[in-house]
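Presented below is the structure to which this report refers.
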Amino acid sequence: MSVAVITGAARRVGAGLAAGFARDGHRVVLHANTSLAEASALCGALNAEGCDTLALQADLSALGGADAFYDRLMEAAGPPDILVNNASAFQYDFPGAASEEILRDSLSIHVQAPIRIMELAARRKRPGQRVTVFNILDQKLDNPNPDYFSYTIGKAGLRAATTLWQSLGREDFRVFGILPGLIYPSGAQSEARFAEDALKTPLRRAVSPSDIYAAMRFFINNDGLPGQDLAVDGGESLTARARDVAFE
């Protein structure tokens with residue numbers, strides 16, 4: 001049984017991905033920080049269906065947090081076959097009114113922690129083991145706007161790390177970038193406004209965690225595909241916006 005690890009798996013996209021992997025027969029480790037109770041509850045529900053999941057807590061923004069998490073992961077489940085760097089810090093700031101604290105959080109969660117986790121996964125995998133990594137990015141990297149400035153800087157850093165890992169061309173350690181579009185309301189956006197904005201995408205709908213998981217499953221099951229980036233966004237990245245959808 002392959003082991004899949006999802007960071008930030010207690011809620012939203014991470015929870016949906018965890019359910020997808022678990023129901024497909026993977027042993028799934030759900031990482032959470034302050035939402036451990038929710039991750040544990042999701043594990044309980046999935047295990048009641050016959051899945052094999054467990055939840056681990058770690059503060060990935062803390063110095064040494066990624067190493068501590070990886071040590072616990074190795075003890076609980078062994079080296080992962082699939083790694084999803086999904087943990088996120090989504091806080092609002094704007095160029096000219098940027099926040100040093102928000103930027104620090106974004107860089108630690110979106111850049112430093114996933115880079116360290118990838119390093120540990122590459123160094124500590126079993127001989128002959130093939131590892132597939134998915135870094136959750138954002139379609140706005142292909143369709144930029146200035147809102148959520150520090151968040152975007154962090155995701156851009158993670159994309160750079162993704163590209164550099166891809167440049168190695170390793171068959172035993174493939175790294176993919178997934179760029180989601182509209183999935184849930186952004187910030188203070190209302191459900192009604194979210195539904196209205198979803199109609200503005202080329203496919204006229206929001207994407208779902210199951211759409212993202214379907215893309216991941218395609219990559220996992222195709223060994224001949226090297227690491228690459230893929231927008232799963234209903235075409236949102238093809239429609240230029242001057243501002244985030246919540247502020248248009």
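Label-to-label distance, ALA68 versus ASP172, with points set 7 angstrom from Cα along the beta-carbon direction: 3.1 nm.
Annotation note: GluC sites (Glu not before Pro) in region 26-76 located in DSSP loop regions with a Cβ neighbour count of at most 14 within 10 Å are GLU49. Counting only Cβ charges, +1 for Lys and Arg and -1 for Asp and Glu, the dipole size of the chain around its Cα centre is about 460 debye.
Neighbours of GLY187 by Cβ distance under 14 Å: Lys/Arg scored +1, Asp/Glu scored -1, total -3. Each part reduced to its alpha carbon centroid, region 1-59 and region 122-162 end up 20 Å apart. Summing charges over all other residues whose Cβ lies under 11 Å from the Cβ of LEU83, with Lys and Arg as +1 and Asp and Glu as -1, gives +1.
Within region 64-102, what residues put their amide N at less than 14 Å from the label point 7 Å along the Cα-to-Cβ vector of GLN129? It comes to 70-84, nothing else.
Dividing the Cα convex hull volume of region 156-202 by residue count, how many Å³ per residue is that?
Hull volume normalised by residue count: 108 Å³.
For an R0 of 22 angstrom, estimate the FRET efficiency from the Cβ-Cβ distance between LYS200 and ASP142 and round to the nearest 0.05. Efficiency, rounded to the nearest 0.05: 0.85. A simple spin-label model places the labels of ASP52 and GLU119 3.1 nm from each other, with each point 7 Å out along Cα-to-Cβ. The Kirkwood hydrodynamic radius of region 202-248, based on inverse pair distances between different Cα atoms, is 12.6 Å. Against the empirical curve 2.2 N^0.38 Å, the C-alpha radius of gyration of region 98-139 lands at a ratio of 1.51.
Across 10 Å bins from 0, what is the distribution of all Cα-Cα pair distances for region 44-183, in whole percents? The distribution over region 44-183 is 11, 37, 34, 16, 2, 0, given as percents. Counting Cα-Cα pairs of the chain in 5 Å increments starting at 0 gives whole-percent bin shares of 1, 6, 14, 18, 20, 18, 12, 7, 3, 0, 0. Based on Cα contacts under 8 Å between residues 6+ apart, the chain shows a relative contact order of 18 percent.
Can you give the local net charge around SER99? Use residues other than it whose beta-carbon is closer than 10 angstrom to its beta-carbon, Lys and Arg +1, Asp and Glu -1.
-3
Quick note: the coordinates plus some simple rules give every number you see, no bench work behind them. Owing to the predicted nature of the structure, the values given are computational and were not obtained by experimental measurement. Neighbour counts run over all protein chains shown; Cβ positions are idealised from the backbone, glycine included.
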